[in-house]
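Chemist: Have a look at this one before I ask anything.
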Amino acid sequence: MSEDSTAAVMGNIQMESGFNPDIVEGGSGIGFGLCQWSYDRRTQLFKYGTSLSHQFYFLWSELTGENLDVTGADLQWINPPSNSVTGGASFSCSIDDFIDGEGDIDFLTTAFCYCWERPAPETNHLEDRIKWAKEFYDEYATGEDPEENNPEPPEPDPEEPPTGG
């Protein structure tokens, strides 16, 4: 995945959980973990496992459709209908364009928010997600090709007992 797209994901995770893999959504208690998985997505995550490595692998599976049979996840990248999470704006981004980093960090952060995360428009805090994404990019970007010298991350150990409930 491009560095811009990685920063976009990180900005969204920072806004959702502050990178706390064990956090439970305040108020309703519905969302859980890094990405505040809710409802069916939370149930699927809990069946798979909730360790940090499980959450990252599960996110990748939901994002790309890879290894859905292993994680029990469903592909979650959608182009949302107007008003559902966009507050009336028309928005579209393909998963391939997102992975390849087609667009600037503002666009990619918005794409991840609208097409994968999908919070309510009145509580999406999009400006903060973008601010965090830019900060992560500035801190961690190297300018290297993501496919060079970056092996595939290992799959979580299936023998590791799932955590969560």
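Chemist: Taking region 65-75, which residues are open to solvent by 40 Å² or more (accessible area, probe 1.4 Å) and on the phi < 0 side of the Ramachandran plot?
Modeler: Listed by number, the residues that qualify are Glu66, Leu68, Asp69, Val70, Asp74, Leu75.
Chemist: Here is a follow-up. If you take the residues in region 76-117 that are at pLDDT 90 or above and polar (S, T, N, Q), which one is surrounded by the fewest Cβ atoms within 10 Å (Cβ to Cβ)?
Modeler: Among them, the one singled out is Ser94.
Chemist: Can you name the residue in region 45-57 that is under 17 Å from Glu25 (Cβ atoms) and assigned to a helix (DSSP H, G or I) and is also most open to solvent (accessible area, probe 1.4 Å) among such residues? Before you say what the answer is, go through the steps one by one.
Modeler: Quick first cut of region 45-57, residues under 17 Å from Glu25 (Cβ atoms) only: 45-46, 50, 55.
This time we only want the ones that are assigned to a helix (DSSP H, G or I), so: 45-46, 55.
On the way: Leu45: 0, Phe46: 33, Gln55: 1 Å².
In this case the residue turns out to be Phe46.
Chemist: Would you please list the contacts, defined by Cβ atoms under 7 Å and residues six or more apart or on different chains, that run from a residue in region 1-28 that is under 16 Å from His54 (Cβ atoms) to a residue that is in a helix (DSSP H, G or I) and open to solvent by 60 Å² or more (accessible area, probe 1.4 Å)?
Modeler: Sorted first by the residue in region 1-28, then by its partner, the pairs are Pro21/Leu52.
Chemist: Same structure again: Answer yes or no: is there a residue in region 8-18 that is over 18 Å from Leu126 (Cβ atoms), surrounded by fewer than 18 Cβ atoms within 10 Å (Cβ to Cβ) and modelled with pLDDT of 95 or more. Steps first, please.
Modeler: Step one: of region 8-18, the residues over 18 Å from Leu126 (Cβ atoms) are none.
Checked against the condition, which is being over 18 Å from Leu126 (Cβ atoms), surrounded by fewer than 18 Cβ atoms within 10 Å (Cβ to Cβ) and modelled with pLDDT of 95 or more, region 8-18 yields no hits at all.
The values are calculated or read from the model by the stated rules, or taken from the named source; none is laboratory data. In this text the structure is predicted, and so the values were computed from the model without any measurement. As a convention, Cβ positions derive from the backbone with ideal geometry for all residues, glycine included, and neighbour counts pool all protein chains shown. For accessibility, only protein heavy atoms count, side chains too; no ligands or nucleic acids. Shrake-Rupley method; radii C 1.70, N 1.55, O 1.52, S 1.80 Å.
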